[in-house]
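To start, the structure itself, in structure tokens.
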Amino acid sequence: MYGNIANFYNRYTSDIDYKKIADYLEKLFRKYGLPERSDGGDVPMILDVACGTGELTCILANRGYEMIGLDLSEEMLEEARDKAFSENLDILWLCQDMCKMDMYGTVSAMICITDGINHIVSEKSLRNFFLRIRNFIDDGGLFIFDALSENYFGKVVGNNTFFDDGEDGTCIWTSKYNPGKKLCKYNITFFECCDEEEQLYERYDDVVREKVWSDEEFENAANSAGFSALAVYDGMSLKKATDDTCRKFFVLRKNN
């Protein structure tokens, strides 16, 4: 997933304001509090689940948090490692399926941002995900994630084709949303210019699937894994999410 287009991912997510997201997360950390580290560390340790190319991970590391980044795509993590190295940041990067994550200790909080959780498309995997999350968060620790809603997939994405033509290549992104199964499938094709003089291009293809989960489905999976839901917010605000919300932010706390 995203492996073939890892080199171009940042270009097509340039509209995401990761610094603003970091500001919002820190606001939630202050509002709900982070527990003292079980290993006696001085600063909070945070795991960024489905970290992608590590943009947010690196920003939070620069703000003084001890960071771990986890993603299924080795190609995406390679981009993340290069970024961290260029900024002289000491970040542990884990190439793992987030539904099967395994670590040697616990963290103060976990985050899963930019709809990483929508990439889980089966109820069994969703429940496994929350169970794995619980194993590696300190008692009283936070799990904060965002998720795209039915309103987003039905009214914003729908069944459309997006096209971008740049100097270094061309991207065609086709979406098909099935409201009955609440599944959206993206077919992504990128043509990278490898010889401008000869007009030669290399083709990369990826298929990505995302699923709509209801608040109730999230809450049931979270509760069964030992989490309490603290809030569901409308975007990066402290307002309660509504049926019109496109991106919801969920704040959970692990029960002691």
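Brief remarks follow.
- Flag set for CYS99, criterion: closer than 24 Å to ASN220 by Cα, open to solvent by less than 40 Å² (accessible area, probe 1.4 Å), part of a helix (DSSP H, G or I) and free of Cβ contacts under 8 Å to residues at least 40 places away in the same chain.
- The condition (being in contact with a Phe, Trp or Tyr (Cβ under 8 Å, 6 or more places away or on another chain) and under 26 Å from MET110 (Cα atoms)) is satisfied by just one residue among PHE153, PHE191: PHE153.
The values are calculated or read from the model by the stated rules, or taken from the named source; none is laboratory data. Since this is a predicted model, take the numbers as computed values, not measurements. Every residue, glycine among them, receives a Cβ derived from its backbone with ideal geometry; neighbour counts consider all protein chains shown. Accessible surface areas use protein heavy atoms only, side chains included; no ligands, DNA or RNA. Shrake-Rupley method; radii C 1.70, N 1.55, O 1.52, S 1.80 Å.
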